[in-house]
Amino acid sequence: MYQGNVLARGARVAGGIILVVLIATEIIWIARDIGNAGVKDTFLTWIGRIFAGQGHAPLGTSITDLILLVVYLGALVAVTKPAAAGAFVTVGLLTFFYRLPLLWIMNEDITEGLPLRDRALYTALGAVIASVALIVIAAAGRRPAVSPADGEPPAPPRSGPAVFAGLLLTLFALAAVAWEAYYIDRFTSERMGPFSYWRQFSGQRPSGVLLAPPGFWIDWSTAVLCMVAAVQAFARKPMARPLGIVLGWVLAAYAVYTLNVYAKQELLFEFDDIGTPDILQQLTSLAEAAGGLVVIVLLALRGRQRPPVPGAWGAPGGQYGAWGTPPAPAPYNDAPYGRSPFGSPPPLPPEYPPNAPPRPQSPPGW
C-alpha cells in the first residue's frame with residue numbers, strides 16, 4: 001500500500017528553475033574569484049590554507065559557497081524524483097540561514113566603499129527570497145501517493161542508524177553551544193569589551209570575504225539545524241535523510257577548514273605549544289570531520305515505510321478496520337407478526353387447572 005506524499009511535477013520544475021539560478025549565481029562569483037586570484041589561491045583560501053586577501057585581491061566567495069554549491073547540485077539531481085520535497089526544504093533552510101546576515105552586513109557603514117558591495121547585497125537578497133520560495137513550493141506542491149504512477153514517496157531512515165545519527169547530531173549541536181558559551185565569556189571580558197562577541201556574531205567586523213557569513217552566526221545556525229535533524233531522525237521522518245546528510249557534509253567541511261587554519265599556523269597537533277582551548281578545538285574538529293561522514297553513511301541507508309494502522313468500525317473514508325465489516329442491524333421492522341429478531345417468544349403457561357371455568361367477576365360496586 002502506498003502512503004506518504006510526493007512532489008507534483010509542476011512544483012519540481014519550479015524548484016529546479018530556482019536551483020539553476022542559485023547554481024549559476026555561485027558559478028559567476030567563483031569564476032570572478034578565479035579570474036582575480038587563480039584556481040590554486042581561490043581553493044586554498046576556501047579550505048583555510050591562505051587567509052582571505054593574503055597575496056591576492058579580496059575574494060567574494062568562501063568555504064560556505066563551496067558547501068552551498070555542492071548542496072545545490074545534489075538537490076538539482078533530486079528534482080527528477082517525486083520525493084524531492086525534502087531536498088527543497090533542506091536547500092531552503094541552509095540558504096536562508098547562511099545568506100540572511102548579509103542583508104544587514106552590506107548595509108552597515110563599515111562595508112561602505114567595498115568593491116561589489118551592491119552585487120553582494122542583491123545576491124544575498126535573491127538567495128533569501130529563493131530559499132523561502134523553495135520551502136513554500138515543497139509545502140504547497142505535495143500530494144498523496146495513491147498509486148505507483150505517482151512515484152515512490154520519500155523513504156524514512158532505518159531505525160537503528162537513525163537513532164545513532166540523531167545522537168551524533170545532538171552531540172555536535174551541544175558541542176557548538178558549549179563553544180559559543182566559551183566565546184561569549186571570552187569576548188565579553190573587560191579586555192575585549194562587552195560588545196565584542198556581538199559585533200562578530202552580527203558581522204560588524206567583516207571577515208574580508210564578501211559573501212561569507214559571520215563565524216559565530218554559522219555556529220549557532222548549524223547547532224539549530226542539527227537539533228532539528230536529530231528530532232527528525234529520532235522520529236524516523238523522511239526529512240531526516242536529506243537534512244542530516246547535508247549537515248554531515250557541512251560539519252565535515254567546516255571541520256577541515258578549521259584544521260587547515262591550524263596547519264597554516266604550524267600548530268596542528270602541536271599540543272605542547274598551544275593552550276587547552278586550542279587542543280579542545282582541534283579535537284572537536286576531528287570529531288566533527290569523522291562524525292559528519294558517519295552521519296552521511298547512516299542516513300543514506302533507506303528504511304521501509306511503516307504500514308498504516310487500521311482503524312476500528314466506522315473508520316474514515318468508508319473503509320472498515322481490523323475487525324472487518326460491522327454486523328448488519330437486526331431487522332426490527334421486517335420481522336413477521338408474532339416473531340422477534342431474537343427468536344420466538346416462550347409459550348404461554350397452560351391454564352390451571354385444565355378446562356377450569358372462568359373466574360367470577362366482582363359484584364358491581366366493589
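The values are calculated or read from the model by the stated rules, or taken from the named source; none is laboratory data. Since the model is a prediction, treat every value here as computed from it, not as a measurement. Positions of Cβ are generated from backbone atoms using ideal geometry, with glycine treated the same way; all protein chains shown enter the neighbour counts. Accessible surface is based on the protein model in full, side chains and every heavy atom, while ligands, DNA and RNA are left aside. Shrake-Rupley method; radii C 1.70, N 1.55, O 1.52, S 1.80 Å.
Please say if region 43-200 is rounded, prolate or oblate, where rounded means a/c under 1.5 for a ≥ b ≥ c the square roots of the C-alpha gyration tensor eigenvalues, and otherwise the choice is prolate for a/b larger than b/c and oblate otherwise?
Working: a/c = 2.25, a/b = 1.55, b/c = 1.45.
Because a/c hits 1.5 or more and a/b exceeds b/c, region 43-200 counts as prolate.
Over region 134-181, give the accessible area per residue in Å² for a 1.4 Å probe, as an integer.
Working: 2330 Å² over 48 residues.
Dividing the accessible area of region 134-181 by its residue count gives 49 Å².
Using a ≥ b ≥ c from the Cα gyration tensor of region 116-242 (square roots of the eigenvalues), is it rounded, prolate or oblate, where a/c under 1.5 gives rounded and otherwise the larger of a/b and b/c decides, a/b for prolate? Present the calculation step by step, with values, prior to reporting the outcome.
Numbers: a/c = 4.18, a/b = 1.54, b/c = 2.72.
Note, shape of region 116-242 comes out oblate.
Would you mind getting the accessible area per residue of region 191-285, heavy atoms of the protein chains only, 1.4 Å probe, in Å²? Please list the in-between numbers first.
Values: 4380 Å² over 95 residues.
Computed with neighbouring chains in place, this is 46 Å² per residue.
Taking all pairs of different Cα atoms in region 177-250, averaging 1/r and flipping that mean, what Kirkwood radius in angstroms comes out?
Numbers: mean 1/r = 0.0715 Å⁻¹.
Roughly 14.0 Å, rounded to one decimal.
Please give the contour-minus-distance gain from D185 to W104: 0.36 nm per residue of separation, less the Cα-Cα distance, rounded to one decimal in nm. Working shown, then result.
Working: separation 81, 0.36 × 81 = 29.16 nm, distance 2.51 nm.
Gain on stretching D185 to W104: 26.6 nm.
Leaving ligands, DNA and RNA out of it, report the carbon-plus-sulfur percent of the accessible area of region 32-132 at a 1.4 Å probe. The partial results should precede the final answer.
Numbers: 2910 of 4360 Å².
After summing per-atom areas, the C and S share lands at 67 percent.
Roughly what would the spin-label model give for F269 and D118, points 7 Å off Cα along C-beta, in nm?
According to this spin-label approximation, the distance is 5.1 nm.
Extending each Cα 7 Å along its Cβ direction at I23 and R199, get the distance between those two points in nm, one decimal.
Distance between label points: 4.2 nm.
In whole percent, how big is the carbon plus sulfur part of the accessible area of region 197-275, probe 1.4 Å, protein atoms only? Provide the component values of the computation, followed by the final result.
Working: 2070 of 3420 Å².
The computed percentage sits at 61.
Rolling a 1.4 Å sphere over the protein heavy atoms, what is the accessible area per residue of region 1-117, to the nearest Å²?
Numbers: 5180 Å² over 117 residues.
Value for region 1-117: 44 Å² per residue.
Gain in length, L280 to F51, computed as 0.36 nm per residue apart minus the alpha-carbon separation, to one decimal in nm?
On the way: separation 229, 0.36 × 229 = 82.44 nm, distance 2.23 nm.
Fully extending the segment from L280 to F51 adds 80.2 nm.
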